[in-house]
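Take a look at the structure set out below.
The values are calculated or read from the model by the stated rules, or taken from the named source; none is laboratory data. Predicted model, so just to flag it, every value in this text is computed and none were measured. Every residue, glycine among them, receives a Cβ derived from its backbone with ideal geometry; neighbour counts consider all protein chains shown. Side chains included, ligands, DNA and RNA excluded: accessible areas come from the protein's heavy atoms. Shrake-Rupley method; radii C 1.70, N 1.55, O 1.52, S 1.80 Å.
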Amino acid sequence: MTQFNQEFDTKRSRAAIDRVRGLVGENRLAVADRLANLYNEYIALDRDRLLRDALTASVASVTTPITGKPDKRRIVAVCGRSGAGKTTAVAKHIGSLNAMQSYVDEDGVVIHPVIVVDGPSPCTPRLLAIAGLEALGHTPPDRIRENEAWLLFRRLLKVHKVMWVVIDEAQNAIETASVREATVIGDAFKSLTQMREWPVRLILVGVPPLASFLARKQLYNRRTVVPFDTLDADGSTDLIQDILETIVIQHAGLGIQIDLEGDFLKRLMHACDAEFGSVVQMIRAAVELAILAGKDHVTLDDFAKTYASFSGCRPSKNVFKADNWEELEPSTALLRDEDRAWEEERFKSKGKNATKYGVRPQ
């Protein structure tokens, strides 16, 4: 897809959105814009300083002479479980660094120094190279071979003056790849950072299997790792309360009618599997319910309704209402008796290699 086509699609999308906005009353539009502002806010943690420093070092590495020597600043890896807030944090900090912003070059061409590639699943070297080509706006031939795809990708990175490649869901490079495929992908990453005259920097974002992939010799001396760890269920209640009050009071302008001296904050962490990004998402969704209801405060019921919509749980199994909330498993709250029966049959038919519902294969 050419730059012209991308701009044309953007204009079409904007026109479609404007048409819908024109059909909605002013009061509802005001609420929608208020919610948009709420979701655009960003809450930084200590780990953001580490990520910012790593990306700043990556920018600084561009200013140094090009060599073929290993440089730890050429690969930044952000590792953490699903819901940790990795993708949001990376996008936020990339958006704040001037060197990573789009610009018009001396030929009048719009240059995007950063591209984002969604790691395909299942992941093979060929499919990953094709995903990179598509992120550049190119559609490769259907029968393009693996080595041809990587050669074309490397050449077009230079043509488009791309300096940073973000690969989201990068754990797919090992999670579904064979040993041979993972090795080829590792070599491909290494070669991208060592291209003559145009070495690119990689920003890899993924869940824990990514750490195993990065441990291989090809990449070990070329990466800086920023861990996005889970919250401490016993020691993070003060942090969770700060996040709650920041979103509800400062960002949304609402009050809180919830007993924070009880176990609410621990229930909130449990409902979100102690992942920061999921906590923020749930608080914002509860605030959205309150705003749509025309209330000036959030209540426990707003959180119970939000959790029910997120998890699909039965009313008696709602983490915010049940007495045995610590025993409940949010990730499998959607399962019903027939689902569990199917799962048991699946285990019997597949034996020890079967994978439970909601569990990543290891």
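Output the residue which, of all residues in the stretch 299-311 that are under 27 Å from the mean Cα position of the chain (by Cα) and either open to solvent by less than 60 Å² (accessible area, probe 1.4 Å) or among the acidic types (Asp, Glu) (or both), is farthest from Gly255 (Cα to Cα).
If we take residues in the stretch 299-311 being under 27 Å from the mean Cα position of the chain (by Cα) and either open to solvent by less than 60 Å² (accessible area, probe 1.4 Å) or among the acidic types (Asp, Glu) (or both), then Ser311 is farthest from Gly255 (Cα to Cα).
Yes/no matrix, rows are residues, columns are (1) more than 23 Å from Tyr39 (Cα to Cα); (2) within 24 Å of the chain's Cα centre (by Cα):
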site	(1), (2)
Pro227	yes, yes
Ile240	no, yes
Ile247	no, yes
Leu254	no, no
Cys272	no, yes
Val280	no, yes
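So Glu148 clears everything in (1) of a type outside the set (S, T, N, Q); (2) open to solvent by 20 Å² or more (accessible area, probe 1.4 Å); (3) in contact with a helix residue (DSSP H, G or I) (Cβ under 8 Å, 6 or more places away or on another chain); (4) at pLDDT 90 or above except one condition, right? Which one?
Only one criterion is unmet by Glu148, namely (3).
Only one of (1) open to solvent by less than 20 Å² (accessible area, probe 1.4 Å); (2) among the acidic types (Asp, Glu); (3) free of Cβ contacts under 8 Å to residues at least 24 places away in the same chain fails for Asp48. Which number is that?
Tallying (1) open to solvent by less than 20 Å² (accessible area, probe 1.4 Å); (2) among the acidic types (Asp, Glu); (3) free of Cβ contacts under 8 Å to residues at least 24 places away in the same chain, Asp48 fails exactly one: (3).
Could you tell me whether any residue of the stretch 278-295 is without any contact (Cβ under 8 Å) to a residue 60 or more places away in the chain, out of contact with any helix residue (DSSP H, G or I) (no Cβ under 9 Å at 6 or more places or on another chain) and crowded, with 16+ Cβ neighbours inside 10 Å?
No.
Any residue in the stretch 312-323 that's surrounded by 17 or more Cβ atoms within 10 Å (Cβ to Cβ): show its pairings with residues that are in a loop (DSSP other than H, G, I, E, B) at Cβ separation under 7 Å, as long as the two are six or more apart or on different chains.
If the second residue must be in a loop (DSSP other than H, G, I, E, B), the pairs left are Cys313/Ala333; Lys317/Leu328; Lys317/Ala333; Val319/Leu328; Ala322/Leu328.
Could you count how many residues in the stretch 12-43 are closer than 29 Å to Ser278 by Cα and part of a loop (DSSP other than H, G, I, E, B)?
Summing the residues that are closer than 29 Å to Ser278 by Cα and part of a loop (DSSP other than H, G, I, E, B) in the stretch 12-43 gives 3.
Among residues belonging to the stretch 97-133 that are outside any strand (DSSP E or B), free of Cβ contacts under 8 Å to residues at least 12 places away in the same chain and not acidic (Asp, Glu), point out the one that is most open to solvent (accessible area, probe 1.4 Å).
Asn98
Of everything in the stretch 134-149 that's part of a helix (DSSP H, G or I) and among the hydrophobic types (A, V, I, L, M, F, W, C), which residue is farthest from the chain's Cα centre (by Cα)?
Of the stretch 134-149, the ones part of a helix (DSSP H, G or I) are 134-135, 146-149.
Applying the additional criterion that residues be among the hydrophobic types (A, V, I, L, M, F, W, C) yields 135, 149.
Details: Ala135: 17, Ala149: 26 Å.
Ranking the candidates gives Ala149 first.
Among the residues of the stretch 263-277, write down those that are at negative phi and either at pLDDT 95 or above or open to solvent by less than 30 Å² (accessible area, probe 1.4 Å) (or both).
Hits for the stretch 263-277 are Phe264, Leu265, Arg267, Leu268, Met269, Ala271, Cys272, Glu275, Phe276, Gly277.
In this structure, is Pro113 at pLDDT 95 or above and farther than 24 Å from Pro227 by Cα?
Taking the combined requirement at face value, the residue satisfies it.
Consider Val90 carefully, then state whether it is under 18 Å from Met163 (Cα atoms), open to solvent by 20 Å² or more (accessible area, probe 1.4 Å) and of a type in the set (A, V, I, L, M). Walk me through it before giving the result.
On the way: under 18 Å from Met163 (Cα atoms): yes; open to solvent by 20 Å² or more (accessible area, probe 1.4 Å): no; of a type in the set (A, V, I, L, M): yes.
The answer is no for Val90.
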